[in-house]
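K.L.:
I'd like to ask you about the structure that follows.
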Amino acid sequence: MRRLLQRLADTDVPAAKIERFLDAEMTRGGGSIRDQVAADMANQLLAALGREPSQTAAATKRLRDRGGWRNLDRRPEDES
């Protein structure tokens, strides 16, 4: 992720555009580009630890929407 961000910064594209790109979702509810990168990093770590890679961008989005690791013991609020 650090290398990706550095390469994006090296393009001289304004930071706001880079953030907008990272927050973009290819499919609604499927997770942003940032979520896809985070899921890929998690899967690489799981594979390195000998576990089955199973993190998806959508699951990463759900975790992020719940407020991160501190709220994993609570059910997310309904989106009514």
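The values are calculated or read from the model by the stated rules, or taken from the named source; none is laboratory data. The model shown is predicted, which means the values in this text are computed figures rather than measured ones. Don't worry about glycine lacking a Cβ; one is built from the backbone with ideal geometry, like all the others, and counts go over all protein chains shown.
K.L.:
Which pairs do you get when a residue that is within 16 Å of R28 (Cβ to Cβ), found in the stretch 52-65, comes within reach of a residue that is among the hydroxyl-bearing types (S, T, Y) and surrounded by 15 or more Cβ atoms within 10 Å (Cβ to Cβ), reach meaning Cβ atoms under 8 angstrom, with the pair 6+ apart or on two chains?
P.N.:
From residues that are within 16 Å of R28 (Cβ to Cβ), the pairs are A57/S32; K61/S32.
K.L.:
For the stretch 2-16, how many residues are in contact with a helix residue (DSSP H, G or I) (Cβ under 9 Å, 6 or more places away or on another chain) and either on the phi > 0 side of the Ramachandran plot or among the basic types (K, R) (or both)?
P.N.:
Selection size over the stretch 2-16: 0.
K.L.:
Any residue in the stretch 8-29 that's under 24 Å from R62 (Cα atoms): show its pairings with residues that are surrounded by 10 or more Cβ atoms within 10 Å (Cβ to Cβ) and of a type outside the set (S, T, Y) at Cβ separation under 6 Å, as long as the two are six or more apart or on different chains.
P.N.:
Filtered contacts from the stretch 8-29: I18/L8; L22/I33; L22/R34; A24/I33.
K.L.:
Quick one: which residue in A47, A15, A57 is aliphatic (A, V, I, L, M), surrounded by fewer than 13 Cβ atoms within 10 Å (Cβ to Cβ) and modelled with pLDDT of 90 or more?
P.N.:
Checking each option against the conditions leaves just A47.
K.L.:
Within the stretch 24-42, can one find any residue that is surrounded by fewer than 12 Cβ atoms within 10 Å (Cβ to Cβ), at pLDDT below 90 and aliphatic (A, V, I, L, M)?
P.N.:
yes
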